Amino acid sequence: MKYCSITFKLFLYPILVLALTFISYKALALSSGTAFSVPIESEAPVGSIISYTTGKYVLAFKNYDENIFGVVTDVAATSVEDINLEKYKLVVNSGETPVLVTNKNGEIKKGDFITSSETPGVGMKATQSGQVIGIALEDFVTANNDEVGLVAVFMNVKSQFIALSGTTNVLSALKAGLESPFLSPIITLRYILAALVTGASFVIGFVSFGRISGSSVEALGRNPLAGGSIKRVVFFNFLLTFSIMLGGLFIAYLILIM
């Protein structure tokens, strides 16, 4: 019996410890954050992105959903469950957890921000400023961009500023700004400055042209013989006004793309 006891301690006990450690590791790897039980009426598989909209927990169904609450999980490091709920799902909004995603908005690489999409409960790569659920911890490679799969994400639900990559033009910058549900203070300041510069250049141009044109018409009435000189002054003033407006637009363009 003593020999058997020693054998158990030397061989079986370490194996048991390793097995329990492996099981605990797998549980933590599935979702390392704290999960909360929330009532969800629709079917929500593990990895589904959940939003809290109009007093209900539903599958997120729009791009950059500002009401993102968390992600469905079935095993978490810790969980807080409401025993009064009959039908619920465990939802985690912190730590590491698998999330359902697609590559329809670009191939997801490690370090990319993940946000919600128009596919209910499924995430995608965030390419513009807005609400995100966290950062991808691994690449998501598929043959079909519409294919849905799980990718490990470090959860951190927040509004994130994402700078436009590469060069752009004023139309694409304005389009991105109008489509983005969230603008950082810097981006907001850029749009305000661009609008102020454009408006100021047009106001200065029109006021200057109006004053000189009025004076030129009055001078032409008093001295018709100097008509040629007055017309040249008006034409020069027109070119100056046009240059001021064009310069304002160019400066606004630089503000938007820099």
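The values are calculated or read from the model by the stated rules, or taken from the named source; none is laboratory data. Only a predicted model underlies this, so the values are computations on that prediction, with no experimental measurement involved. As a convention, Cβ positions derive from the backbone with ideal geometry for all residues, glycine included, and neighbour counts pool all protein chains shown.
Scan region 195-205 and tell me whether some residue there is over 30 Å from Glu107 (Cα atoms), at pLDDT 65 or above and more than 38 Å from the chain's Cα centre (by Cα). If you could, list the steps in order and put the result at the bottom.
The initial filter retains those residues of region 195-205 that are over 30 Å from Glu107 (Cα atoms), namely 195-205.
Those still in the list that are at pLDDT 65 or above too: 195-205.
The next check asks that each one be more than 38 Å from the chain's Cα centre (by Cα); those that pass are 205.
Yes; the residues of region 195-205 include at least one that is over 30 Å from Glu107 (Cα atoms), at pLDDT 65 or above and more than 38 Å from the chain's Cα centre (by Cα).
Filter region 130-155 for residues that are among the acidic types (Asp, Glu) and more than 18 Å from Asn63 (Cβ to Cβ) and give the result.
Applying the first criterion (among the acidic types (Asp, Glu)) to region 130-155 yields 138-139, 146-147.
Listed by number, the residues that qualify are Glu138, Asp139, Glu147.
Among the residues of region 61-88, count how many are more than 18 Å from Gly121 (Cβ to Cβ), among the β-branched types (Val, Ile, Thr) and part of a strand (DSSP E or B).
Qualifying residue count for the region: 2.
For residues that are touching a Gly at 6+ places or on another chain (Cβ under 7 Å) and either of a type in the set (Ser, Thr, Tyr) or without any contact (Cβ under 8 Å) to a residue 24 or more places away in the chain (or both), scanning just region 38-83, find the one that is farthest from Ser116 (Cα to Cα). Break it down into steps so the answer makes sense when it comes.
Initial filter on region 38-83 (touching a Gly at 6+ places or on another chain (Cβ under 7 Å)): 44, 48-50, 59-60, 64, 71-72, 76-77.
Subset that is either of a type in the set (Ser, Thr, Tyr) or without any contact (Cβ under 8 Å) to a residue 24 or more places away in the chain (or both): 48, 64.
Details: Ser48: 10, Tyr64: 5 Å.
In this case the residue turns out to be Ser48.
Does Asn144 qualify as being surrounded by fewer than 14 Cβ atoms within 10 Å (Cβ to Cβ) and assigned to a loop (DSSP other than H, G, I, E, B)? Spell out the reasoning first.
Numbers: surrounded by fewer than 14 Cβ atoms within 10 Å (Cβ to Cβ): yes; assigned to a loop (DSSP other than H, G, I, E, B): yes.
So Asn144 passes the test.
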